[in-house]
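Visitor: Quick one: this structure, given as structure tokens, is what I'll be asking you about.
The values are calculated or read from the model by the stated rules, or taken from the named source; none is laboratory data. If you're wondering where the values come from, they're calculated on a predicted model, not measured in any experiment. Heads up, the Cβs are rebuilt from the backbone with ideal geometry, glycines too, and the neighbour counts pull from every protein chain shown. Just so you know, the surface numbers come from the protein's heavy atoms only, side chains and all, with ligands and any DNA or RNA stripped out. Shrake-Rupley method; radii C 1.70, N 1.55, O 1.52, S 1.80 Å.
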Amino acid sequence: MSSSPWTANFATEKSECAADVQRLLEKYPQPVVYEVMSELLRREMREQFAGAYAASQHSDD
């Protein structure tokens, strides 16, 4: 069974992300950081969903 391409780098990415969040929290108020990160996550999920949906529509043709 092969693993997903992102799993190999997951620990590194998670660590870097945690460090980035910590730096942001030191610089900006917590509600601001969480609101911005929530919006970025919503956008990313929308884009991924739109791409997956478009691909599924093309494969149905």
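Visitor: Using only Cα atoms, find the angle between the long axis of helix 10-27 and the longest principal axis of the chain, and express it within 0 to 90 degrees, rounded to the nearest 10.
Guide: 40 degrees
Visitor: Round to a whole number: what % of the accessible area of the chain belongs to carbon and sulfur, probe 1.4 Å?
Guide: 60 percent
Visitor: I've got another one for you. Accessible area of residue 7, 1.4 Å probe, to the nearest 10 Å²?
Guide: Residue 7 has an accessible surface of roughly 60 Å² with all protein chains in place.
Visitor: Okay, next question. Using only DSSP helix segments of four residues or longer, with each worth -39500 (n - 2.57), what per-residue ellipticity at 222 nm results for the chain after dividing by its residue count and rounding to 500?
Guide: The per-residue figure over the chain is -28500 deg cm²/dmol.
Visitor: Which part of the stretch 37-54 falls in the paramagnetic zone of residue 20, meaning amide N under 19 Å from the point 7 Å along Cα-to-beta-carbon?
Guide: Correct set: 37-49.
Visitor: Does the chain come out rounded, prolate or oblate, given a ≥ b ≥ c as the square roots of the eigenvalues of its C-alpha gyration tensor, rounded meaning a/c under 1.5 and, failing that, prolate meaning a/b above b/c?
Guide: oblate
Visitor: Heavy atoms only, 1.4 Å probe, whole protein assembly: order 27, 14 by accessible area, highest first. Provide the component values of the computation, followed by the final result.
Guide: Working: 27 150, 14 125 Å².
Reading off the accessible areas and sorting them downward yields 27, 14.
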